[in-house]
Amino acid sequence: MPDTTSHRRKQNTAANAAVSAREDDVSGILLSQLKSPTHDDIAAITHLWIDTGLIPVIRDASKDIESCINADNGSLIVARLPSNQRIIATMMTGHDGIFGWIHYLAIAKDVQNLGLGRQLIDLAEDILRAAKIDESRVTIENDEVAEFYAKLGYQPLSGTAHTKAHDSTTHSIMRKRLNP
């Protein structure tokens, strides 16, 4: 049986190196990997996700947060203001050994359009490259999000658009080769 603890340690080391290299890149905003969220962290993330429309009010974000930080290949990155440590952005990234995925990219409305989204995606891609993943994928739910990812080099994965019977939202997948 393989030693999964040493594998996990290697993955976290690669993610930590990528995070450390970017700590002060966006106007003094601190990007860090959240490994042991406090109740206040979970409440702040939940509020951010609801406020940005990422999740409905009735959704329990703590399960998604716990699932990500406990995954062997998952990272939850948060951005905090240096002045008061308020969480102003989140992004989850992980992989299945073949494809990398970026989820839960959320930026507080009062700090949007500062380049923080691009910075978080760059960081996710660095984490995935460090894990030797060649392709990053994202699930797209609206045209504005698709435009954002297209500007970063993501292209639609053909044949992935679908609509759930109980939901009028169309979802599609976009991808980007990380090691062309």
| Any chance segment 33-52 includes a residue that's within 23 Å of SER172 (Cα to Cα) and without any contact (Cβ under 8 Å) to a residue 12 or more places away in the chain? | yes
| What are the residue pairs meeting all of these: first residue in segment 79-92, first residue over 10 Å from ILE45 (Cα atoms), second residue β-branched (Val, Ile, Thr), Cβ atoms under 6 Å, and 6 or more apart or on different chains? | ALA79/ILE29; ALA79/ILE88; ARG80/ILE87; LEU81/ILE88; MET91/ILE77
| query | From the list ASP143, ASP134, which residue is at pLDDT below 95 and surrounded by fewer than 18 Cβ atoms within 10 Å (Cβ to Cβ)? | reply | ASP143
| message | I'd like to know if segment 112-123 contains one or more residues that are surrounded by 20 or more Cβ atoms within 10 Å (Cβ to Cβ), at pLDDT 90 or above, closer than 20 Å to HIS39 by Cα and touching a helix residue (DSSP H, G or I) at 6+ places or on another chain (Cβ under 8 Å). | response | no
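For every residue, the table says whether it meets (1) aliphatic (A, V, I, L, M); (2) within 24 Å of ALA131 (Cβ to Cβ); (3) under 14 Å from the mean Cα position of the chain (by Cα); (4) at pLDDT below 95.
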site	(1), (2), (3), (4)
LYS10	no, yes, no, yes
ASN16	no, yes, no, yes
SER32	no, yes, yes, yes
THR90	no, yes, yes, no
ALA106	yes, yes, yes, no
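The values are calculated or read from the model by the stated rules, or taken from the named source; none is laboratory data. For clarity, every value in this text was computed on a predicted model and none was experimentally measured. Virtual Cβ from ideal backbone geometry, glycine too; neighbours counted across all protein chains shown.
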